[in-house]
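For reference, the structure discussed in these notes is given below.
The values are calculated or read from the model by the stated rules, or taken from the named source; none is laboratory data. Please read all numbers here as calculations on a predicted model, not as lab measurements. Using ideal geometry, Cβ is built from the backbone for each residue, glycine included, and neighbour counts are taken over all protein chains shown.
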Amino acid sequence: MQSKLKIGFIGGGNMAVALITGLLQAGTHAKDIHVVDVNQANLNRLETEFNVTTSLQIDAHLQQMDVIVLAVKPQQLRDVVGALAPHLRHQLLISIAAGIRATDISRWLSSYPRIVRVMPNTPALIGRGVTGLFALPEVTEAEKQCADDILRAVGSTSWVVEEKLIDVVTAVSGSGPAYVFYFIEAMQQAAQELGLSPEQGTQFAIATFEGAAQLAMRSDEDVAVLRERVTSKGGTTYAALSSMEESDVKNHIITAIKAAASRATALGEEFGQQA
């Protein structure tokens, strides 16, 4: 990470907070981070907690930045880009907005070329996120490395070669924490219905997910092999997985993830058509 980079954020929500936390830990100076947000309470929190500079509106301060992170909701991005346009000089733009294509952002900015589209996920809040990235062809290797460094401040990264694959990343890892929480909820409920206390149900469910994920990360074997090793025919795990197979759980999960990817694409088409 180049510690002297000046980085601006438009949007001061949770993902901006996660990135700022990671950047400061990686060596970026607080004085080199500027945040724009329409919510004064958000700005007060950021000033107090991180000692960064802030403003309520997009202004000439952003002209001094090397990188500008667009950390706003998809439906807000077109207006944000319009307000930002007069202040663009050579800055690298990094967009976190789900669904909105980098090509549309470039079009809104009269073919501005320095744009990287990224999709992190909420474990970034504890430095354990994973981010997919896509760069427009005009983005240099140095600029790509810069974007990678910024996102690696909150976890791991992986580049995709086609922009449409960012919608897949959105569906798999961007939305993925919600799927995990949903499964944990089900395990907690089952544990309580079978007699464990709520606290025990929570402990066993979360620790099981954490341990299994770590085992999968550290093992050289495919997760299917790891699953098979826990599943003795006629045993308890076999009974549970057989029930899931009878209910077609795996295909339902796959269908759900495809629905998320389709929605990400639809968001891009819906908001990207704006003039």
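Remarks
- Meets criteria (of a type in the set (Gly, Ala, Ser), closer than 18 Å to LEU19 by Cβ and surrounded by fewer than 17 Cβ atoms within 10 Å (Cβ to Cβ)) for GLY127: yes
- Flag if THR157 is surrounded by 11 or more Cβ atoms within 10 Å (Cβ to Cβ), at pLDDT 95 or above and under 30 Å from GLN145 (Cα atoms): yes
- Pairs where the first residue, in the stretch 71-94, is farther than 13 Å from VAL38 by Cβ and the second is surrounded by fewer than 19 Cβ atoms within 10 Å (Cβ to Cβ) and β-branched (Val, Ile, Thr), C-beta under 7 Å, 6+ apart: none
- Of all residues in the stretch 172-194, one or more are in contact with a strand residue (DSSP E or B) (Cβ under 8 Å, 6 or more places away or on another chain), closer than 22 Å to LEU125 by Cβ and in contact (Cβ under 8 Å) with a residue 40 or more places away in the chain.
- From the list ARG128, ARG107, ARG114, the lone residue that is under 16 Å from GLU270 (Cβ atoms) and not hydroxyl-bearing (Ser, Thr, Tyr) is ARG107.
- Some residue of the stretch 38-49 being free of Cβ contacts under 8 Å to residues at least 40 places away in the same chain, touching a helix residue (DSSP H, G or I) at 6+ places or on another chain (Cβ under 7 Å) and of a type outside the set (A, V, I, L, M, F, W, C): no
- Exclusive hit being at pLDDT 95 or above, closer than 24 Å to ALA261 by Cβ and not aromatic (Phe, Trp, Tyr), set LEU92, LEU84, LEU70, LEU56: LEU70
- Contact map, the stretch 252-275: first residue assigned to a helix (DSSP H, G or I), second residue of a type in the set (Phe, Trp, Tyr) and at pLDDT below 95, Cβ cut-off under 7 Å, separation 6 or more or different chains; the map is empty.
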